[in-house]
Every structure is written in C-alpha cells, then in structure tokens.
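The block underneath contains the structure these notes are about, expressed in structure tokens.
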Amino acid sequence: MRHIPFLLAEVLEFMNPSPGECFVDCTLGAGAGHSQAIARALGTQGRLVGIDLDSGAIQSAREILKSFNTPVHLKRGNFADIQTILASVGIHEADGILADLGFSSDQMDQDSRGFSFASEAKLDMRLDPDSQDPSALDLLNTLEESQLADLFWKYGEERLSRRIARAVVREREQGRITTCTELASLVEKVYPRGPHRIHPSTRVFMALRIAVNHELENLERFLPQALSLLRISGRLGVITYHSMEAALVKRFFRRFAGQCICPPGMPVCGCGAIEQGQILTGSKAIVPSASEKDRNPRSRSAQLRVIRKIR
Ligand SMILES: C[S@@+](CC[C@H](N)C(=O)[O-])C[C@H]1O[C@@H](n2cnc3c(N)ncnc32)[C@H](O)[C@@H]1O
C-alpha cells in the first residue's frame with residue numbers, strides 16, 4: 001500500500017510553505033507525500049531539500065518530484081546530521097523544516113525489511129538497509145534478558161515486558177527465532193487469549209524498531225540544529241507517533257518558547273528558557289480528524305507540533 005501522508009492539510013496550514021521559500025523535508029519517504037504538496041506551494045522560485053535514510057525512498061521520491069519545477073536537492077542521510085547535509089548543498093538557513101518520524105507504509109509493506117509481524121523475513125528493521133548497525137535480530141540474540149525487558153518496557157510500554165523477555169531468551173537458546181512471524185507468535189503465546197485491540201506484538205515490534213534505529217537519540221540531536229537553521233519567522237514542524245518522542249518535542253518547544261520546564265518546586269528556574277519562538281499549534285498537539293483515522297487507521301497516533309522562530 002502506497003504511504004498516504006498524515007495530517008497533510010494541517011502541515012500545510014501551520015507550516016504555510018509559500019512561493020520562493022526554502023523548505024527541508026527531513027523524512028521524505030518513497031511517496032514524498034508532504035514534499036509534493038510543499039514543492040507545489042514553493043513554486044519555481046522556491047527550493048526544497050529532501051532527506052531520507054532509505055536509498056529506496058530517495059530513488060522513488062526522485063522519480064515523483066521530477067515532474068515539479070521547484071529546484072529540489074535529495075540527500076540520503078540521517079536528519080540528526082541536518083546541519084552538515086544542508087551545508088553540503090550550500091544551505092545555511094531555511095524557512096521551513098518538517099520531520100515526520102518513524103517509518104512509512106511502503107517500508108512496512110516491503111516484506112524483506114522485517115518491520116511487519118506478518119512478514120516471513122528475517123527480523124531486520126533498519127531504516128537504512130545498508131547500515132552496518134545491529135539489526136533487530138542481533139539485539140534479540142545478544143541482549144541480556146533484563147536488557148530486553150527494559151527495552152520492551154521503555155520503548156514499547158509493554159506491560160508483559162519481563163515475561164516476553166524470558167520467553168525470547170528461552171526460545172533463542174533453541175535457535176528458534178529468526179523471522180518476524182516467529183517473534184510475533186512467541187509474543188502471542190505469552191499473551192492471554194482473547195480479543196485484542198491491536199496485535200499483541202505491536203509494542204514489542206515498535207520497541208525494537210526504535211532501538212535499532214536510535215530514533216530518540218536522532219530526534220534529540222536533530223531538534224537544536226533544526227531550530228538554529230531556521231530564519232526568523234521560519235517554522236519547524238514535527239509529527240510524532242510515540243509518547244517519548246512527543247514528550248521530547250513538547251519540552252524542547254516549550255523551552256524555546258520561553259516556558260520554564262523545570263520540575264515543580266524548583267526555587268529558581270534552571271532550565272534557561274528564553275523566548276525565541278512561538279508554538280503555533282498551541283499547548284495541545286494537532287491530531288488526525290476522525291475521518292482521517294477512519295480512512296487511514298495507521299495515522300491514529302500521529303501528533304503534529306509546529307513552532308515559529310521569532311528571534
Ligand atoms: C513516516 S515516513 C515519512 C513519510 C512522508 N512524510 C510522506 O509524506 O510520504 C518516515 C520516513 O522517515 C525516514 N527516516 C526515519 N528516521 C530518519 C532519520 N533519522 N533520518 C532520515 N530519514 C529518516 C524513514 O526512512 C521514512 O522514509
């Protein structure tokens with residue numbers, strides 16, 4: 001299934017790409033859904049930079065964006081290196097920067113990538129398939145039981161984390177976990193029978209993907225660079241899908257908007273919040289409408305936050 005961009009109308013409304021501006025889409029995706037709409041709005045005098053870790057996404061986006069007359073630079077890389085990537089194409093300031101985190105339906109549906117619990121492929125989950133970093137299977141085979149439990153709990157909020165970690169260790173001693181379906185059926189066996197709102201292995205798969213791709217660390221490195229690259233009046237938009245990502249963006253934006261993020265009860269503010277931006281999306285994130293969620297259930301956890309640099 002081709003990836004359908006989430007919160008597209010809202011991204012355009014709050015980020016307001018306008019003719020002649022320079023925008024960076026840090027998570028292009030194979031369908032380049034947000035990028036297409038942004039390119040259309042920037043027009044022939046604008047400039048669009050698209051970044052993605054996945055070479056397949058870059059190739060496919062190149063084909064799609066060919067038909068637009070907006071000057072486009074597509075760079076394969078990690079948005080955690082946004083400053084270096086932009087400098088490599090001579091860009092030191094931008095009017096808009098968008099990051100739509102996580103993975104796309106195109107990646108999910110490529111069986112060989114090992115993102116889906118219905119896949120017979122080896123558990124891989126690397127967003128950059130050429131990366132030499134450990135795959136999901138490497139983590140499952142090398143982490144200790146307590147480390148696996150912590151990973152499932154921390155990134156997946158998986159309440160049965162300890163029991164699942166124990167089952168993984170027992171099973172790997174027999175050499176019986178290699179594929180996505182094998183892990184999915186192991187998790188299913190740990191869960192009590194009964195109807196489940198989501199597949200019982202959803203949280204374990206999400207936790208592994210986040211750990212394999214260092215997703216929170218990348219976001220943490222990206223945010224300060226992105227804000228420093230914005231021109232005055234430039235907008236940074238981030239779409240998150242996980243509570244830890246959302247909390248990170250929220251804290252970061254609040255501090256940049258001059259709102260103290262010190263723990264309650266601190267006698268003096270120590271977080272150093274200085275008003276440099278205005279949160280355009282307000283105190284609550286923008287979430288998909290009921291009709292978007294019906295049309296595209298994968299959008300259900302998306303949250304959009306946009307901040308504008310004011311000084
Ligand atoms: C949700 S999809 C983006 C979909 C896209 N916005 C669209 O409209 O089609 C996320 C994309 O971000 C890429 N990605 C995730 N983390 C990345 C990172 N740290 N650096 C660059 N790209 C990343 C993934 O490979 C994937 O293609």
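Quick note: the coordinates plus some simple rules give every number you see, no bench work behind them. No experiment lies behind these values; they were computed from the predicted model shown. FYI the Cβ positions are ideal-geometry reconstructions off the backbone, even for glycines, and counts take in every protein chain you see.
Using Cα atoms only, what is the angle between the long axis of helix 202-212 and the major principal axis of the chain, expressed in degrees (0 to 90) to the nearest 10?
60
So if each residue of separation counts as 0.36 nm, and I subtract the Cα-Cα distance between Q276 and N69, what length gain in nm does that give?
Gain on stretching Q276 to N69: 71.1 nm.
Springs between alpha-carbon pairs under 10 angstrom, Gaussian network model over the chain: which of L143, L236, L219 fluctuates most?
Checking each option, the largest mean-square fluctuation is seen for L143.
Compute the Kirkwood hydrodynamic radius of the chain, taking the inverse of the mean of 1/r over all pairs of distinct Cα atoms, and give it in Å to one decimal.
Value: 20.5 Å, from the Cα pair sum.
Could you check what % of the DSSP bridge pairs in the chain are antiparallel, to the nearest 5?
40
For the range 2-151, what is the Kirkwood hydrodynamic radius in Å, using each pair of distinct C-alpha atoms? Walk me through the numbers before you get to the answer.
On the way: mean 1/r = 0.0604 Å⁻¹.
Every distinct Cα pair counted, the radius reaches 16.5 Å.
Around D52, what is the net charge, scoring Lys/Arg as +1 and Asp/Glu as -1 over all other residues with Cβ under 12 Å from its Cβ?
Net of charged neighbours comes to -2.
Among the listed pairs K154/K293; K66/K154; K75/K189; K122/K284; K66/K122, which are separated by more than 31 Å between their Cα atoms?
K66/K154; K75/K189; K122/K284; K66/K122
Defining a contact as two alpha carbons under 8 Å apart and six or more residues distant in sequence, what relative contact order in percent does the chain show? Please list the in-between numbers first.
Numbers: 564 pairs, mean separation 53.5, N = 311.
This gives 17 percent for the chain.
Please report the relative contact order for the range 240-304, taking Cα pairs under 8 Å with a sequence separation of at least 6, and give it as a percent rounded to a whole number.
Reported as a whole number, the value is 33 percent.
Just the C-alpha atoms of the range 132-212: what Rg/Rh do they give, with Rh taken as the Kirkwood radius?
A ratio of 0.93.
Of all the Cα-Cα pairs you can form in the range 20-107, what percent are over 18 Å apart?
Value for the range 20-107: 34 percent of Cα pairs lie more than 18 Å apart.
Quick one: among H242, H73, H199, which has the greatest mean-square fluctuation in a GNM of the chain with alpha-carbon springs under 10 angstrom?
Top of the fluctuation ranking is H199.
Gaussian network model of the chain, Cα springs within a sub-10 Å range: biggest mean-square fluctuation belongs to which of R47, R197, R209?
Looking only at R47, R197, R209, the largest GNM fluctuation is found for R197.
Over the range 110-262, what per residue volume does the convex hull of the Cα atoms give, in whole Å³?
Cα-based convex hull of the range 110-262, divided per residue, equals 149 Å³.
Taking N as the number of residues in the range 168-229, what is its Cα Rg relative to 2.2 N^0.38 Å?
On the way: Rg = 16.8 Å, N = 62, 2.2 N^0.38 = 10.6 Å.
For the range 168-229, the normalised Cα radius of gyration comes out at 1.59.
Based on the Kirkwood radius over alpha-carbon pairs, what value in µm²/s does the Stokes-Einstein equation return for the translational diffusion coefficient of the range 182-311 at 20 °C and 1.002 mPa s?
Working: Rh = 17.2 Å.
In µm²/s, the coefficient is 125.
Helix-derived [θ] at 222 nm for the chain: sum -39500 (n - 2.57) over DSSP H runs of at least 4, divide by residue count, nearest 500? All intermediate terms of the calculation are to be shown ahead of the outcome.
Working: 13 runs with 130 residues, N = 311.
It comes out at -12500 deg cm²/dmol, rounded to the nearest 500.
When only C-alpha pairs under 8 Å and at least 6 residues apart count, what is the relative contact order of the range 132-212, in percent?
Values: 72 pairs, mean separation 33.0, N = 81.
Value for the range 132-212: 41 percent.
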